[in-house]
Amino acid sequence: MTKRILILMSKTGGGHRASAEALKAGFAQLYGDAFEVEIIDLLMDYLPWPVRELPKSYNFLAGTTPWLWRLLFQATDEQITAATLNRMAARVLGQSIAQAFTRYQPDLVISVHPLVQYLSMRALKVMRLRIPFVTVVTDLATVHPAWFHPRANLCFIPSQEVYAAARKARLTPEQIRLYGLPIRPMFATPPQRGPELRARLQMNPDLPAALLVGGGEGIGKVASIAHALDAHLRADGKQLGQMVIICGSNRKLYDEMSARKWSVPVRVLGYVDNMAEWMAACDCIVTKAGPGTIAEALTCGLPIMLSGFIPGQEEGNVPYVINHQVGAYRPEPEDIARLVTRWFGPERGELARMAANARQLGNPRATFHIVEDIAALLGDVPPSLAT
């Protein structure tokens, strides 16, 4: 009999959706059609107006007024404060949340968003639904206390830093599983690096390559960084490196990058569904401190140049990358270009050391480990398929 699994997320940043999709793909790859997995936006689709409009302000706050987002994050970043606010909201909004469980009739619930734990657990208690509830933390180092609920059956966490926060929130060791961040199954077996892969991707097989990304929306300083890198990667008539620029859904950025005449070899791409190949084909990645991109880069042994971060949940990702010696942080495009150019030249040995550290730190099979433990909560499930 097919088991129903409901994954709860909300569109406050792309990371929660990406983790939810990774888990859904993991269930399909390991168990075929033994599980029916649904992903819903619990906050925007089931909360009453005007409360459901609040998540829409995330992109504005985090991107346009980061100081205000940091203030809000810090104001609730205490376990007692977060728990009190969540209990109040759960009492008021519980009936609306219950509609989702009535509609989908899940056998198990997975949360990949910090704001749905208390709302959901309260609704399930009132409905007297005794079904497993698990949390999959999708922040890498800095975590809001709302992530942790004492009645969760299991809480999957990505790092030792988050493990310490979970224990501080009084989760027991038996509740916690440290496997890494759920990432797309394609990263479980990253492609073999080498000139053959670069040639297939229409790259120069001999020059070191920097991968520039701005997330699915292609946001941030991608254009400025690309311009600075282009200037620094050509010196004395020699090409010192090449670039791959992934613009995501940002058509304006794609058109601008495609129209420019470059001094070094450049591949400009929109949305791609083979990111593991592009990461394996490059020597470093330049990105903001999004946890999913960092986790994927680590599995590919790709040194990370961080160009920025969202205040609050992404701040801890900067020291995470630096302290584990898998990359660096430079907020200014010129500084990024200078350091990447050194990595491709006199500091090539440092680049190789960071790559080795990244491979050791990465968890390429984290998604499968998480899925297997969740499936075990439902008892009699078929054995996982070969992966």
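Cβ-Cβ distances below 7 Å connect the following pairs, each with a first residue in region 279-295 that is in contact (Cβ under 8 Å) with a residue 60 or more places away in the chain, a second residue that is part of a strand (DSSP E or B) and hydroxyl-bearing (Ser, Thr, Tyr), and a separation of six or more residues or different chains: 293/287. If only residues of region 168-181 that are of a type in the set (A, V, I, L, M) and not in a loop (DSSP other than H, G, I, E, B) are counted, the one that is surrounded by the most Cβ atoms within 10 Å (Cβ to Cβ) is 176. Selection of region 293-303 for residues being surrounded by 24 or more Cβ atoms within 10 Å (Cβ to Cβ) and of a type outside the set (S, T, N, Q) yields 294, 295, 296, 297, 298, 300, 302, 303.
Condition check ((1) in contact with a Cys (Cβ under 6 Å, 6 or more places away or on another chain); (2) part of a helix (DSSP H, G or I); (3) modelled with pLDDT under 75; (4) crowded, with 18+ Cβ neighbours inside 10 Å) across all residues:
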site	(1), (2), (3), (4)
37	no, no, no, yes
57	no, yes, yes, no
60	no, yes, yes, no
80	no, yes, yes, no
95	no, yes, yes, no
102	no, yes, no, no
113	no, no, no, yes
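Filtering region 346-379 to residues that are at pLDDT 95 or above, over 20 Å from residue 279 (Cβ atoms) and of a type outside the set (A, V, I, L, M) leaves 346, 347, 349, 369, 372, 373. Within region 208-236, restricting attention to residues that are free of Cβ contacts under 8 Å to residues at least 60 places away in the same chain and touching a Phe, Trp or Tyr at 6+ places or on another chain (Cβ under 8 Å), the residue that is surrounded by the most Cβ atoms within 10 Å (Cβ to Cβ) is 218. Can you spot a residue in region 333-355 that is surrounded by 21 or more Cβ atoms within 10 Å (Cβ to Cβ), closer than 28 Å to residue 185 by Cβ and touching a helix residue (DSSP H, G or I) at 6+ places or on another chain (Cβ under 6 Å)? No - not one qualifying residue is present in region 333-355. All conditions in (1) hydrophobic (A, V, I, L, M, F, W, C); (2) within 20 Å of residue 143 (Cβ to Cβ); (3) surrounded by fewer than 21 Cβ atoms within 10 Å (Cβ to Cβ) hold for residue 366, with the sole exception of (3). In region 231-310, counting only helices (runs of 4 or more DSSP H) that sit wholly within it, the ones holding 1 or more residues that are farther than 22 Å from residue 321 by Cα and among the small types (Gly, Ala, Ser) span 251-259. Hey, among the residues in region 182-207 that are within 14 Å of residue 300 (Cα to Cα) and of a type in the set (A, V, I, L, M), which one's surrounded by the fewest Cβ atoms within 10 Å (Cβ to Cβ)? Residue satisfying both the conditions and the ranking: 197. Taking region 116-140 as the range and being farther than 17 Å from residue 18 by Cβ and either basic (Lys, Arg) or in a loop (DSSP other than H, G, I, E, B) (or both) as the test, the residues that pass are 122, 125, 128, 129, 130, 131, 132. Checking the stated criteria, residue 165 turns out to be touching a strand residue (DSSP E or B) at 6+ places or on another chain (Cβ under 9 Å) and either part of a loop (DSSP other than H, G, I, E, B) or modelled with pLDDT of 90 or more (or both).
The values are calculated or read from the model by the stated rules, or taken from the named source; none is laboratory data. Just so it is clear, the model here is predicted, and its values are computed rather than measured. Don't worry about glycine lacking a Cβ; one is built from the backbone with ideal geometry, like all the others, and counts go over all protein chains shown.
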